[in-house]
Amino acid sequence: MKSLKKYLVAILSLIMVIYAQAIGYVSLTTDFEANNLHPASYEGVEPTVDNVLDGSYLLNRPFCYTTRAAGDYESDELEQLVKAFIVFMTESTEGKEAVLSAGGIVDVEDSTSWDELKVTIRSLIRTIQDSPLQPEAQLQLKKHW
(Lines give C-alpha, C1' and ligand atoms only; values in the text may rest on other atoms or scores of the structure.)
Protein backbone atom coordinates (compact mmCIF):
# COMPACT_ATOMS: atom_id res chain seq x y z
CA MET A 1 0.00 0.00 0.00
CA LYS A 2 2.86 2.39 0.80
CA SER A 3 4.42 1.81 -2.63
CA LEU A 4 1.07 2.56 -4.28
CA LYS A 5 0.84 5.82 -2.34
CA LYS A 6 4.37 6.77 -3.44
CA TYR A 7 3.49 5.92 -7.05
CA LEU A 8 0.33 8.03 -6.96
CA VAL A 9 2.17 10.97 -5.36
CA ALA A 10 4.85 10.69 -8.06
CA ILE A 11 2.19 10.82 -10.79
CA LEU A 12 0.55 13.81 -9.13
CA SER A 13 3.95 15.52 -8.88
CA LEU A 14 4.57 14.94 -12.59
CA ILE A 15 1.16 16.37 -13.47
CA MET A 16 1.90 19.40 -11.31
CA VAL A 17 5.19 19.96 -13.18
CA ILE A 18 3.54 19.65 -16.59
CA TYR A 19 0.51 21.74 -15.67
CA ALA A 20 1.70 24.48 -13.36
CA GLN A 21 -1.87 25.48 -12.47
CA ALA A 22 -3.03 21.94 -11.63
CA ILE A 23 -4.66 21.11 -8.32
CA GLY A 24 -4.41 17.70 -6.66
CA TYR A 25 -5.51 16.11 -3.42
CA VAL A 26 -3.04 14.08 -1.34
CA SER A 27 -2.76 13.17 2.29
CA LEU A 28 -1.44 15.80 4.67
CA THR A 29 1.22 13.27 5.69
CA THR A 30 2.74 13.43 2.17
CA ASP A 31 6.31 14.74 2.00
CA PHE A 32 5.44 17.92 0.11
CA GLU A 33 9.00 19.20 -0.22
CA ALA A 34 10.41 15.93 -1.56
CA ASN A 35 7.62 15.79 -4.14
CA ASN A 36 7.80 19.47 -5.10
CA LEU A 37 4.22 20.02 -3.96
CA HIS A 38 2.78 23.02 -2.14
CA PRO A 39 -0.09 22.53 0.32
CA ALA A 40 -2.91 25.02 -0.09
CA SER A 41 -4.53 27.04 2.63
CA TYR A 42 -8.30 26.77 2.68
CA GLU A 43 -10.46 29.67 3.84
CA GLY A 44 -7.29 31.29 5.20
CA VAL A 45 -6.28 28.30 7.34
CA GLU A 46 -2.96 26.50 6.83
CA PRO A 47 -3.09 22.72 6.35
CA THR A 48 -1.43 21.38 9.50
CA VAL A 49 -2.11 18.32 11.63
CA ASP A 50 -3.12 20.56 14.55
CA ASN A 51 -5.56 22.50 12.35
CA VAL A 52 -7.12 19.27 11.06
CA LEU A 53 -7.48 17.90 14.59
CA ASP A 54 -8.98 21.08 16.03
CA GLY A 55 -11.43 21.31 13.11
CA SER A 56 -10.26 24.67 11.76
CA TYR A 57 -8.88 23.22 8.48
CA LEU A 58 -12.05 21.99 6.79
CA LEU A 59 -10.58 20.51 3.60
CA ASN A 60 -10.07 17.02 5.00
CA ARG A 61 -11.64 13.62 4.83
CA PRO A 62 -12.53 11.15 7.57
CA PHE A 63 -11.33 7.57 7.62
CA CYS A 64 -14.37 5.37 7.14
CA TYR A 65 -15.01 1.74 8.04
CA THR A 66 -17.46 -0.25 5.95
CA THR A 67 -19.12 -3.29 7.45
CA ARG A 68 -22.04 -5.57 6.79
CA ALA A 69 -25.47 -4.38 7.87
CA ALA A 70 -26.59 -5.17 11.41
CA GLY A 71 -27.85 -8.75 11.56
CA ASP A 72 -26.16 -9.69 8.23
CA TYR A 73 -23.29 -11.64 9.83
CA GLU A 74 -22.72 -15.39 10.00
CA SER A 75 -23.04 -15.16 13.79
CA ASP A 76 -23.69 -12.69 16.59
CA GLU A 77 -20.15 -13.35 17.84
CA LEU A 78 -18.64 -12.25 14.50
CA GLU A 79 -20.80 -9.13 14.46
CA GLN A 80 -19.71 -8.21 18.00
CA LEU A 81 -16.07 -8.85 17.07
CA VAL A 82 -16.31 -6.44 14.12
CA LYS A 83 -17.93 -3.80 16.32
CA ALA A 84 -15.26 -4.27 18.99
CA PHE A 85 -12.53 -3.90 16.34
CA ILE A 86 -13.99 -0.57 15.21
CA VAL A 87 -14.22 0.63 18.81
CA PHE A 88 -10.59 -0.46 19.27
CA MET A 89 -9.42 1.47 16.18
CA THR A 90 -11.50 4.62 16.74
CA GLU A 91 -11.61 5.02 20.51
CA SER A 92 -8.69 3.19 22.10
CA THR A 93 -5.25 4.65 22.68
CA GLU A 94 -3.67 1.53 21.20
CA GLY A 95 -5.83 1.64 18.07
CA LYS A 96 -5.24 5.34 17.47
CA GLU A 97 -1.50 4.82 17.96
CA ALA A 98 -1.61 2.13 15.24
CA VAL A 99 -3.40 4.55 12.88
CA LEU A 100 -0.88 7.29 13.73
CA SER A 101 2.09 4.99 13.08
CA ALA A 102 0.64 4.16 9.64
CA GLY A 103 0.49 7.86 8.74
CA GLY A 104 -3.07 8.63 9.78
CA ILE A 105 -4.05 11.82 11.53
CA VAL A 106 -5.72 11.10 14.87
CA ASP A 107 -5.84 12.69 18.30
CA VAL A 108 -4.28 10.01 20.51
CA GLU A 109 -4.80 12.18 23.60
CA ASP A 110 -8.57 11.93 23.04
CA SER A 111 -8.72 8.20 23.65
CA THR A 112 -9.19 5.54 26.31
CA SER A 113 -7.00 2.53 27.00
CA TRP A 114 -8.25 -0.68 25.39
CA ASP A 115 -8.21 -2.43 28.78
CA GLU A 116 -10.68 0.15 30.10
CA LEU A 117 -12.88 -0.01 26.99
CA LYS A 118 -13.01 -3.83 27.14
CA VAL A 119 -14.30 -3.71 30.71
CA THR A 120 -17.02 -1.22 29.71
CA ILE A 121 -18.07 -3.28 26.67
CA ARG A 122 -18.15 -6.55 28.63
CA SER A 123 -20.13 -4.92 31.44
CA LEU A 124 -22.69 -3.57 28.97
CA ILE A 125 -23.10 -6.98 27.34
CA ARG A 126 -23.46 -8.72 30.74
CA THR A 127 -26.06 -6.17 31.86
CA ILE A 128 -28.13 -6.78 28.75
CA GLN A 129 -27.76 -10.58 29.00
CA ASP A 130 -28.91 -10.49 32.63
CA SER A 131 -31.81 -8.14 31.96
CA PRO A 132 -35.37 -9.43 32.42
CA LEU A 133 -36.08 -7.63 29.15
CA GLN A 134 -33.27 -9.58 27.49
CA PRO A 135 -34.77 -9.98 23.97
CA GLU A 136 -35.75 -6.30 23.71
CA ALA A 137 -32.47 -5.15 25.27
CA GLN A 138 -30.43 -7.30 22.87
CA LEU A 139 -32.38 -5.91 19.95
CA GLN A 140 -31.56 -2.37 21.09
CA LEU A 141 -27.88 -3.30 21.50
CA LYS A 142 -27.77 -4.62 17.94
CA LYS A 143 -29.44 -1.45 16.63
CA HIS A 144 -27.22 1.01 18.44
CA TRP A 145 -23.88 -0.74 18.85
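The values are calculated or read from the model by the stated rules, or taken from the named source; none is laboratory data. Just so you know, these numbers come straight off a predicted model, no measurement behind them. Counting neighbours? That spans all protein chains shown, and the Cβs are built from the backbone with ideal geometry, glycine included.
One table, with the values for the structure above:
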item: Qualifying residue in the range 58-66 (condition: within 16 Å of the chain's Cα centre (by Cα), exposed (fewer than 11 other Cβ atoms within 10 Å of the Cβ) and among the basic types (Lys, Arg)); result: yes
item: Residue within the range 58-69 that is over 30 Å from Lys6 (Cα atoms) and modelled with pLDDT of 80 or more present; result: yes
item: Residue that is surrounded by the most Cβ atoms within 10 Å (Cβ to Cβ) [pool: residues in the range 91-117 that are part of a helix (DSSP H, G or I) and either of a type in the set (Phe, Trp, Tyr) or free of Cβ contacts under 8 Å to residues at least 12 places away in the same chain (or both)]; result: Trp114
item: Condition check for Gly103: modelled with pLDDT under 85 and out of contact with any strand residue (DSSP E or B) (no Cβ under 8 Å at 6 or more places or on another chain); result: yes
item: Condition met for Gly71 (surrounded by fewer than 10 Cβ atoms within 10 Å (Cβ to Cβ) and not aromatic (Phe, Trp, Tyr)); result: no
item: Any hit, the range 76-90, residues being modelled with pLDDT of 90 or more, touching a Lys or Arg at 6+ places or on another chain (Cβ under 8 Å), among the β-branched types (Val, Ile, Thr) and in a loop (DSSP other than H, G, I, E, B); result: no
item: Test: residue in the range 51-58 that is among the aliphatic types (A, V, I, L, M), without any contact (Cβ under 8 Å) to a residue 40 or more places away in the chain and under 28 Å from Val26 (Cβ atoms); result: yes
